[in-house]
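The values are calculated or read from the model by the stated rules, or taken from the named source; none is laboratory data. Just so it is clear, the structure is predicted and the values come from calculations on it, not from any experiment. No Cβ is skipped: glycine too gets one built from the backbone with ideal geometry, and neighbour counts run over all protein chains shown.
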């Protein structure tokens, strides 16, 4: 299964996130979840083996960050890129 997970909070339920398994896993950081993508947050979210990480540009900018503040493991995408991911790359979506 190809699963995209939306993470919208800077805190999370570790047991749920840690148990996620998929053939292809994408973690999309939106809302306050964007803090996981910033270099100074030191989030363990980015340590998930085999996952691809994305952050929504508009949510970064709303919170005063720029692409230069994003950890190198995370790809910055806009709404068009998000739509492409949802429609082309993942079969199922989940929200944490």
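Things worth noting here:
- Tallying residues that are touching a helix residue (DSSP H, G or I) at 6+ places or on another chain (Cβ under 7 Å) and assigned to a strand (DSSP E or B) within the range 43-53 yields 1.
- Residues of the range 63-79 that turn out to be in contact with a helix residue (DSSP H, G or I) (Cβ under 9 Å, 6 or more places away or on another chain) and not in a loop (DSSP other than H, G, I, E, B), as a count: 8
- The residue that is surrounded by the most Cβ atoms within 10 Å (Cβ to Cβ), counting only those in the range 54-76 that are under 11 Å from residue 30 (Cβ atoms) and within 10 Å of the chain's Cα centre (by Cα), is 55.
Residue-wise test of (1) at pLDDT 90 or above; (2) closer than 16 Å to residue 79 by Cβ; (3) surrounded by 19 or more Cβ atoms within 10 Å (Cβ to Cβ); (4) touching a strand residue (DSSP E or B) at 6+ places or on another chain (Cβ under 9 Å).
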position	(1), (2), (3), (4)
13	no, no, no, no
24	yes, no, no, yes
28	yes, yes, yes, yes
31	yes, yes, no, yes
44	no, no, no, no
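- Residues being part of a loop (DSSP other than H, G, I, E, B) and either exposed (fewer than 11 other Cβ atoms within 10 Å of the Cβ) or within 12 Å of the chain's Cα centre (by Cα) (or both) - total across the range 80-96: 1
- All of (1) at pLDDT 95 or above; (2) surrounded by fewer than 18 Cβ atoms within 10 Å (Cβ to Cβ) hold for residue 48 with one exception: (1).
- Pair list, Cβ < 9 Å and 6+ apart or interchain, from the range 60-89 residues that are in contact (Cβ under 8 Å) with a residue 12 or more places away in the chain to residues that are in a loop (DSSP other than H, G, I, E, B) and surrounded by 10 or more Cβ atoms within 10 Å (Cβ to Cβ): 60/66; 69/39; 70/39; 71/39; 71/41; 71/43; 82/30
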